[in-house]
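The values are calculated or read from the model by the stated rules, or taken from the named source; none is laboratory data. A quick note: this is a predicted structure, and the numbers were derived from the prediction, not measured. Cβ coordinates were reconstructed from backbone atoms using ideal geometry, including for glycine residues, and neighbour counts include every protein chain displayed.
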There are 2 protein chains.
Amino acid sequence: MVGSVKSARYELYYWPTIQGRGEFIRLALEEAGAPYVDVARRPGGVKAMMKMMGGSARTPPVFAPPFLRHGDRVVAQTANVLAYLAPRLKLVPAGDRQRTAALEIQLTIADLVAEAHDTHHPIGVGLYYEDQKAAAKKRAGEFVQARIPKFLGYLESRLAHSGGRFLLGPRLSYVDLSAFQVVCGLTYAFPEGMRRQARRIPLLGALHDRVADRPRIAAYLASKRRIPFNEDGIFRRYPELDPKEPPRG
Amino acid sequence: MVGSVKSARYELYYWPTIQGRGEFIRLALEEAGAPYVDVARRPGGVKAMMKMMGGSARTPPVFAPPFLRHGDRVVAQTANVLAYLAPRLKLVPAGDRQRTAALEIQLTIADLVAEAHDTHHPIGVGLYYEDQKAAAKKRAGEFVQARIPKFLGYLESRLAHSGGRFLLGPRLSYVDLSAFQVVCGLTYAFPEGMRRQARRIPLLGALHDRVADRPRIAAYLASKRRIPFNEDGIFRRYPELDPKEPPRG
């Protein structure tokens with residue numbers, strides 16, 4: 001049944017040179033071994049993406065990448081794409097209770113990602129980092145000292161509540177992949193700040209390692225499909241935003 | 001069946017002196033005429049809220065208000081609470097396709113709300129507004145000139161796509177209530193900036209009026225249950241952040 005939603009391949013639309021928010025979706029597709037195309041990384045793909053965002057008679061406009069095309073469906077907003085994909089990829093337990101819990105955790109991770117982005121763009125995305133460096137230093141200081149501990153402490157406590165292996169219980173779900181990704185990203189951007197966290201988040205650290213060791217994830221991370229972190233993405237390594245000793249105050 | 005989830009009343013937990021993110025949930029409960037308790041507005045309620053956030057053997061920890069207790073369920077993250085409530089309150093059409101579309105729009109509204117908040121707290125929530133006023137002016141300038149038009153333009157185009165009456169089609173859903181609320185909030189915080197938008201968003205303006213005129217919403221807005229906007233909430237009226245003429249640049 002070519003063209004039916006059930007059999008259609010997944011098409012991911014996202015900026016081709018960064019991990020960004022698209023990476024949370026890539027990790028789910030990779031862990032599931034799902035057939036997908038990373039459209040904007042192909043010739044002409046960015047142009048196709050921009051066109052899709054305008055919508056058509058059949059598909060609604062899209063606010064921003066990432067979004068997914070699957071058969072005649074177009075689904076946007078990272079957490080929403082994951083909630084759409086997860087039952088299809090067997091990356092979330094059955095039942096309203098567990099799926100609600102998954103979305104709750106995913107949306108909290110999304111808040112953390114937005115705040116991580118704003119450490120280098122506190123004034124807005126319309127200005128270069130260089131033009132908002134002073135504000136960025138202040139915001140990053142608060143982020144590392146107060147927000148990272150609060151967010152990662154929350155994930156740690158959810159792991160303790162679920163029994164410690166994965167965030168929803170004994171089996172991996174998509175939120176574990178997302179938790180893995182934020183630990184990767186924060187460790188890239190704030191190695192000093194994260195070093196100071198390590199002892200407070202043993203369950204989360206173990207979860208990170210457990211995800212990294214999964215065969216499909218390990219293969220993906222070693223492949224060219226995994227775009228390296230860089231200073232165009234959400235998690236950026238600017239040493240001035242991650243001092244060895246936190247400022248007093 | 002006292003105590004069953006189906007018959008249990010809804011308990012909303014949110015800061016008692018602001019509309020904030022809790023308001024999106026209040027509006028859904030009010031439109032549906034659902035029995036609910038705004039727990040933290042009762043004596044001892046904030047203390048009860050803080051205790052719940054720590055979690056227990058039966059309920060997981062909560063990252064931040066608002067959250068909902070319903071029978072033995074505790075559900076957090078505004079968009080997730082709404083996705084949980086909407087089918088129960090008949091505030092979303094049946095079917096995966098429409099519910100995915102609803103969550104996509106709601107999450108985009110959530111992004112707008114977060115950016116509206118950051119106009120007065122660009123450096124972080126740990127500092128007073130007065131200590132980040134210069135950065136706030138810059139961020140608010142970008143927000144009013146670039147972000148409000150982009151977000152509201154998106155909602156306008158979704159309305160055009162759906163036929164113009166409500167965001168998902170001919171019947172009201174919870175995302176229409178949320179769109180109403182952001183128009184209210186932005187108009188309170190940025191009356192000058194919003195005046196310049198009015199001609200660009202006729203469908204959204206009409207949606208706002210249509211929601212305000214619904215009998216239960218009108219009764220709610222006129223009641224003491226509707227907390228007035230104030231300068232402790234997300235949408236704050238600081239005239240210096242909303243100049244009559246936008247700065248050139």
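Considering the stretch B:222-236 alone, what residues qualify as being loosely packed, with under 15 Cβ neighbours inside 10 Å and either β-branched (Val, Ile, Thr) or under 17 Å from the mean Cα position of the chain (by Cα) (or both)?
Correct list: B:ARG225, B:PRO228, B:ASN230, B:GLU231, B:ASP232.
Please tell me if B:VAL92 is among the hydrophobic types (A, V, I, L, M, F, W, C), at pLDDT 95 or above and farther than 26 Å from B:PHE229 by Cα.
yes
Considering only the stretch B:163-201, how many residues are closer than 18 Å to A:PRO60 by Cβ and part of a helix (DSSP H, G or I)?
Total satisfying the criteria: 5.
Residue by residue, here is whether (1) surrounded by 21 or more Cβ atoms within 10 Å (Cβ to Cβ); (2) charged (D, E, K, R); (3) farther than 25 Å from B:GLY55 by Cα holds:
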position	(1), (2), (3)
A:GLU130	no, yes, yes
A:ARG139	yes, yes, yes
A:GLU156	yes, yes, no
A:PRO191	no, no, yes
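Is it true that some residue in the stretch A:49-64 is closer than 22 Å to A:VAL175 by Cβ, out of contact with any Lys or Arg (no Cβ under 7 Å at 6 or more places or on another chain) and surrounded by fewer than 23 Cβ atoms within 10 Å (Cβ to Cβ)?
yes
Return yes or no: is B:ALA48 under 19 Å from B:LYS90 (Cα atoms), touching a helix residue (DSSP H, G or I) at 6+ places or on another chain (Cβ under 7 Å) and among the small types (Gly, Ala, Ser)?
no
Could you please give the count of residues in the stretch A:74-100 that are touching a residue at least 40 places away in the same chain (Cβ under 8 Å) and either within 7 Å of chain B (Cβ to nearest Cβ) or closer than 22 Å to B:LYS150 by Cβ (or both)?
Going through the stretch A:74-100 one residue at a time, the tally reaches 2.
Would you confirm whether or not the stretch B:69-81 contains a residue that is modelled with pLDDT under 95 and hydroxyl-bearing (Ser, Thr, Tyr)?
No, the stretch B:69-81 has no match at all.
Out of all the residues in the stretch B:101-140, which are in contact with a His (Cβ under 6 Å, 6 or more places away or on another chain) and at the interface with another protein chain (Cβ under 10 Å from one of its Cβ atoms)?
B:ALA136
Checking B:ILE123 against (1) touching a Pro at 6+ places or on another chain (Cβ under 9 Å); (2) at pLDDT 95 or above; (3) among the aliphatic types (A, V, I, L, M), only one condition comes out false. Which one?
(2)
Which residues, taken from the stretch B:60-73, are in a loop (DSSP other than H, G, I, E, B) and facing chain A (nearest Cβ under 9 Å)?
B:PRO60, B:PRO61, B:VAL62, B:PHE63, B:ALA64 - these are the residues of the stretch B:60-73 that are in a loop (DSSP other than H, G, I, E, B) and facing chain A (nearest Cβ under 9 Å).
Each row is one residue, and each column tells you yes or no for (1) part of a loop (DSSP other than H, G, I, E, B); (2) within 24 Å of B:VAL113 (Cα to Cα).
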residue	(1), (2)
A:VAL75	no, yes
A:PRO93	yes, no
A:GLN98	no, no
A:ALA102	no, yes
A:ILE105	no, yes
A:ALA116	no, yes
A:ILE123	yes, yes
A:LEU152	no, yes
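Determine which single condition A:ALA101 fails, assuming it passes every other condition in (1) touching a Phe, Trp or Tyr at 6+ places or on another chain (Cβ under 8 Å); (2) under 28 Å from A:ARG171 (Cβ atoms).
Status for A:ALA101: all satisfied but (1).
Under 6 Å between Cβ atoms, at least 6 apart or on separate chains: pull out the pairs that start in the stretch A:147-166 with a residue that is small (Gly, Ala, Ser) and end on any residue that is surrounded by fewer than 17 Cβ atoms within 10 Å (Cβ to Cβ).
Once the first residue is small (Gly, Ala, Ser) and sits in the stretch A:147-166, its partners that are surrounded by fewer than 17 Cβ atoms within 10 Å (Cβ to Cβ) give A:SER162/A:GLY169.
Pick from the stretch A:141-160 the residues that are of a type outside the set (Phe, Trp, Tyr) and closer than 25 Å to B:GLU142 by Cβ: which of them is nearest to the other protein chains (Cβ to nearest Cβ)?
Going through the qualifying residues, I end up with A:GLU142.
Going by the conditions given, is A:ILE201 closer than 24 Å to A:PRO66 by Cβ and surrounded by 12 or more Cβ atoms within 10 Å (Cβ to Cβ)?
Here the answer is no, as A:ILE201 does not meet what is asked.
Looking for something under 24 Å from A:ILE217 (Cβ atoms), more than 14 Å from every other protein chain (Cβ to nearest Cβ) and not in a helix (DSSP H, G or I) - is there at least one such residue anywhere in the stretch A:41-49?
Looking through the stretch A:41-49, at least one residue is under 24 Å from A:ILE217 (Cβ atoms), more than 14 Å from every other protein chain (Cβ to nearest Cβ) and not in a helix (DSSP H, G or I).
Please state which of the following conditions B:ALA57 fails to meet, knowing it meets all the rest: (1) at pLDDT 95 or above; (2) within 14 Å of chain A (Cβ to nearest Cβ).
(1)
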